[in-house]
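Report on the structure given below.
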Amino acid sequence: MLTTLAAVALLALTATPDPSSAGTPAPPPEPVLEDVAPLSFPERMVAVSVDSGDRRATPGAGDMQRVFSAQVGADDAPYIRVRFGELHLPGDVGTPERSYLAITSLQDGAVQYLDARSARQWAGMSAYFNGDQVLVELFASPETGPARVEIVGVVAGEWRAQPRSLCGTVDDRALSFDTRIARIMPVSCTAWLFNDRSNCLLTAGHCGPANNQVVQFNVPLSDSAGNPVAPPPEDQYPVDPVSIQTTGNAGVGGDWATFGVFSNSNTGLTPLAAQGASFQLAASAPTVAGQSISITGFGSTSSPVPASWNHAQKAHAGPYLSVTSTTVKYAADTTSGNSGSPVIDESTGMAIGIHTHAGCNTNGNQGTAIHLPALQDALNQPQGVCVPLSLTFSYPFGRPGAISPDGGDTLRVVIGADAGVTLDPFTVRLHVNDGSGEQIVAMSKVGQATYEGVFPPVSCSGSVDYFVTAQDTAGLVYFDPRAAPGDPYTTLVGHTIVFAANYDFETESESNWQIDNHISLLTGEWEIGIPLVGIPGAPQADYDLSGRCWLTGNAVNDDVDGGPTRLTSPVLDLSAMTSPTFSYARWITNNSGDDDALVVEVSDDAGETWTQIESVTASSEMWVKQSVQLGDYIEINDRFAARFSVSDNPNNSVLEAAMDQFQVYEATCFVSCTLADIAEPLGVIDITDVLAFLVGFSSGDPIADLAPPVGVLDASDIIAFLTSFAFGCP
């Protein structure tokens, strides 16, 4: 029987009204913050008093029995949620000996199941149900103790029109159905999955998020009056309050939140597993304007846009206007409810920011750039259910410093798995790219959690990129390193590698470099040390994880101000080399997006004159390994030096730079001089080639297949070997 009482509260959580609708003066030109207050759907709490008392299943009457049911609701509400009081759902979760609730919408038949664990995760509330009535049923097994459900209220939705802000006089948004993007209820903000994190999302800080909020995917159109329609409970997830990291309403350029949701109580799936896709985060917002970006979210609408589009998912693309420090601006339509939407770079598909504020009546809508240091710190230190389950990769024999271009070098990796993750042993792969295209090698299991793969033949080009992938049994792909394929491991290639310099900066002798500072330098002098964790914009570790590297200041508030500060290598003798390679790992972050730069230069006259290799004005917050052929820039002689210069002049940026793994080397590749030169050392014909041919011929190895017909070992191959052997190497 339906039981309702008078409404006891009206929740007036609405967005800031449109000043123009009230006849107030025009807002100041910078900024217009129409989206600061999250748009909350008007709701009322209807008190309910339903108590099942202790209920037991009847022995012998079935494994699972309905022991209580009640219909509750709120007349004429477009949607409702149930608020529970005392809940006692005994039994072992996930076993037949248990008890649970089933809540069913009488409008569309959608059902949510709650057991003891998921009821705690939902914090004593149900999912959202369409319509104004639900049936609450209590099920129990005879093997469990007494079960009980108490219902103390129903949250009933109402509707009131909300203001909007658009880039122009026409709402140009179109319906969208991006499964990665969700609606937060009841505040009606937007949130989205990112970087293949199973339970974790991003949104605006002023949206909350908070306990008792619900994230909804695959949201249907609203009804004909504009009232929101809920998706089935299978597409709804409660927020984990422990996971929330946010600045709250911190203003333009600093407004963000990351948070997690529990797995679905009906399906047991994480949002990523259910939706199958997520956004990838760009390393930083672009510094060049003019490209197209898009905003997708659950903004409000008004006539002439159909009412059914109100707070349904819509998208609009427009030009990217600028990035200033950590604020991105763009001319794409947004309205209240779009807060938290991803700012998507249409050229890459990556998310470059979080939409937070309106302002198209002045100079563009606005959001928080993805490279905001505080946001990056939070993403690197997830909490609650955001802490990812993972596969871990380690290399018991180390990663190779160099490999042969002929192939055959073995890489061994041990793959561990967090609790809840199971490795698919048939999916471990070694990916190798020498610049001519990726080669993928299946790695074989050779022991407990241990796999081996063999590097294929590659061009002798100085270095080669590689990384390892593996999948879990759910099909999720894990990369090592995690930033691959964009930032893979590298190794040198050659039969021999000769170094003129190979600095990892772990010994005091390697610190014998020259530091020169301009008189205008205030802070941020180059120094060698172990990076301190937590300095905004600075690396959290050195490039090769050996410990130390060069940094521009290694303390809080010690970024580069003024300058430049210059770091110069010792003079090196390269006269014995023919074609040396110069490589280094560099780091630079610049929060202003201006032309302050890390400049890398080389000299062939011991520093009298300099030739520029690169000038980097902005970078993602990651190490980047660079390699160049020195002969393309300078004369190869005995007076080589390199210089790294950084300046923030005029002083208007938070600028951090670092340098590590400084190498100058030459990779030598031997080429077989005749058909008979089939064994090491190449370039020399001797008894090792005879033995290699005899072993290959007797075993059917293609190494001995030196003459037509290909694939057949016969007398013609013997004659070819003897002729070539007699000819010798020139």
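The values are calculated or read from the model by the stated rules, or taken from the named source; none is laboratory data. Remember, it's a predicted structure, so these values are computed and weren't measured experimentally. Because the Cβ atoms are built from the backbone with ideal geometry, glycine has one as well, and the counts that use them run over all protein chains shown.
Please state which of the following conditions Ala277 fails to meet, knowing it meets all the rest: (1) under 24 Å from Asp235 (Cα atoms); (2) modelled with pLDDT of 95 or more. Here Ala277 meets the rest and fails (2). Within segment 59-88, the residues that satisfy the criterion of being of a type in the set (A, V, I, L, M, F, W, C) and modelled with pLDDT of 90 or more are Val67, Phe68, Ala70, Val72, Ile80, Val82, Phe84, Leu87. For His206, the conditions (1) surrounded by 19 or more Cβ atoms within 10 Å (Cβ to Cβ); (2) closer than 28 Å to Val421 by Cβ are fulfilled apart from (2). Taking residues in segment 119-132 that are in the same structural domain as Gly153 (by TED's automatic domain parsing), and partners anywhere that are small (Gly, Ala, Ser) and assigned to a strand (DSSP E or B), the pairs with Cβ atoms closer than 6 Å and at least 6 places apart or on different chains are Phe129/Ser105; Asn130/Ser105; Gly131/Ser105; Asp132/Gly73. A Cβ distance below 8 Å, combined with a sequence gap of six or more or placement on separate chains, defines the contacts here; from segment 45-69, residues that are closer than 14 Å to Gly85 by Cβ and charged (D, E, K, R) reach residues that are at pLDDT 85 or above and part of a strand (DSSP E or B) in the pairs Asp51/Gly85; Asp51/Glu86; Asp51/Arg148; Asp51/Val149; Asp51/Glu150; Asp51/Ile151. If you go through segment 156-164 one residue at a time, do you hit one that is among the small types (Gly, Ala, Ser), part of a strand (DSSP E or B), at pLDDT 90 or above and in contact with a strand residue (DSSP E or B) (Cβ under 7 Å, 6 or more places away or on another chain)? Looking for residues that are among the small types (Gly, Ala, Ser), part of a strand (DSSP E or B), at pLDDT 90 or above and in contact with a strand residue (DSSP E or B) (Cβ under 7 Å, 6 or more places away or on another chain), one finds none in segment 156-164, hence no. Among the residues of this structure, Gly318 counts as one that is touching a strand residue (DSSP E or B) at 6+ places or on another chain (Cβ under 8 Å), assigned to a strand (DSSP E or B), buried (at least 21 other Cβ atoms within 10 Å of the Cβ) and touching a residue at least 40 places away in the same chain (Cβ under 8 Å). The set of residues in segment 177-216 being more than 20 Å from the chain's Cα centre (by Cα), farther than 17 Å from Ile80 by Cα and hydrophobic (A, V, I, L, M, F, W, C) consists of Phe177, Cys189, Cys207, Ala210. The residue list Ala277, Ala283 contains one member that is within 21 Å of the chain's Cα centre (by Cα), part of a loop (DSSP other than H, G, I, E, B) and under 24 Å from Phe177 (Cβ atoms), which is Ala277. If you check Asp558 against the conditions, is it in contact with a Lys or Arg (Cβ under 6 Å, 6 or more places away or on another chain), of a type outside the set (Lys, Arg) and more than 19 Å from Tyr503 (Cβ to Cβ)? So Asp558 does not fit the description; no. Within segment 473-491, the residues that satisfy the criterion of being touching a Phe, Trp or Tyr at 6+ places or on another chain (Cβ under 7 Å) and part of a strand (DSSP E or B) are Phe479, Asp480, Tyr489, Thr491. Scanning segment 420-451 for residues that are under 16 Å from Pro396 (Cα atoms), part of a strand (DSSP E or B) and of a type in the set (Gly, Ala, Ser) yields Ser444, Gly447.
A quick yes/no check of all residues on (1) more than 46 Å from the chain's Cα centre (by Cα); (2) outside the structural domain of Cys549 (by TED's automatic domain parsing); (3) of a type in the set (A, V, I, L, M, F, W, C); (4) crowded, with 21+ Cβ neighbours inside 10 Å:
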{"site": "Ala606", "(1), (2), (3), (4)": "no, no, yes, no"}
{"site": "Trp623", "(1), (2), (3), (4)": "no, no, yes, yes"}
{"site": "Asn637", "(1), (2), (3), (4)": "no, no, no, no"}
{"site": "Asp677", "(1), (2), (3), (4)": "yes, yes, no, yes"}
{"site": "Glu680", "(1), (2), (3), (4)": "no, yes, no, no"}
{"site": "Gly683", "(1), (2), (3), (4)": "yes, yes, no, no"}
{"site": "Phe693", "(1), (2), (3), (4)": "yes, yes, yes, yes"}
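Got at least one residue in segment 396-404 being farther than 25 Å from Gly475 by Cβ, touching a residue at least 12 places away in the same chain (Cβ under 8 Å) and part of a strand (DSSP E or B)? So far as segment 396-404 goes, yes, one or more of its residues are farther than 25 Å from Gly475 by Cβ, touching a residue at least 12 places away in the same chain (Cβ under 8 Å) and part of a strand (DSSP E or B). Of all residues in segment 366-384, none satisfies being modelled with pLDDT under 85 and either among the aliphatic types (A, V, I, L, M) or more than 18 Å from the chain's Cα centre (by Cα) (or both). Taking the listed residues Val305, Val323, the one that is among the hydrophobic types (A, V, I, L, M, F, W, C) and more than 22 Å from His206 (Cβ to Cβ) is Val305, with no other qualifying.
The condition of being of a type outside the set (Lys, Arg), at pLDDT 85 or above and outside the structural domain of Leu379 (by TED's automatic domain parsing) holds for Ile530.
Just checking, does segment 600-615 include any residue being closer than 30 Å to Gly254 by Cα and not acidic (Asp, Glu)? Checking segment 600-615: at least one residue is closer than 30 Å to Gly254 by Cα and not acidic (Asp, Glu).
For segment 248-275: of the residues being among the hydrophobic types (A, V, I, L, M, F, W, C) and surrounded by fewer than 24 Cβ atoms within 10 Å (Cβ to Cβ), which is nearest to Ala369 (Cα to Cα)? Per the criteria, the residue is Val252. Screening Pro388, Pro405 for residues that are more than 24 Å from Ser284 (Cβ to Cβ) and surrounded by 15 or more Cβ atoms within 10 Å (Cβ to Cβ) leaves exactly one candidate, Pro405.
Which of the following residues is of a type in the set (S, T, N, Q) and surrounded by fewer than 23 Cβ atoms within 10 Å (Cβ to Cβ): Ser325, Ser284, Ser339?
The match here is Ser325.
For segment 695-706, a residue qualifies if it is surrounded by 14 or more Cβ atoms within 10 Å (Cβ to Cβ) and at pLDDT 85 or above, and the qualifying residues are Gly696, Phe697. Of all the listed residues (Asp223, Asp196, Asp240), the sole one being in a strand (DSSP E or B) and modelled with pLDDT under 95 is Asp240. Residues that are in the same structural domain as Ala257 (by TED's automatic domain parsing), under 26 Å from Asn652 (Cβ atoms) and not aliphatic (A, V, I, L, M): which strands (runs of 3 or more DSSP E) entirely in segment 322-392 hold 3 or more of them? Output list reads 327-330, 351-357, 365-369. Kindly evaluate Gly260 against the criterion of being within 17 Å of Ser198 (Cα to Cα) and part of a loop (DSSP other than H, G, I, E, B). When the stated conditions are applied, Gly260 does not pass them.
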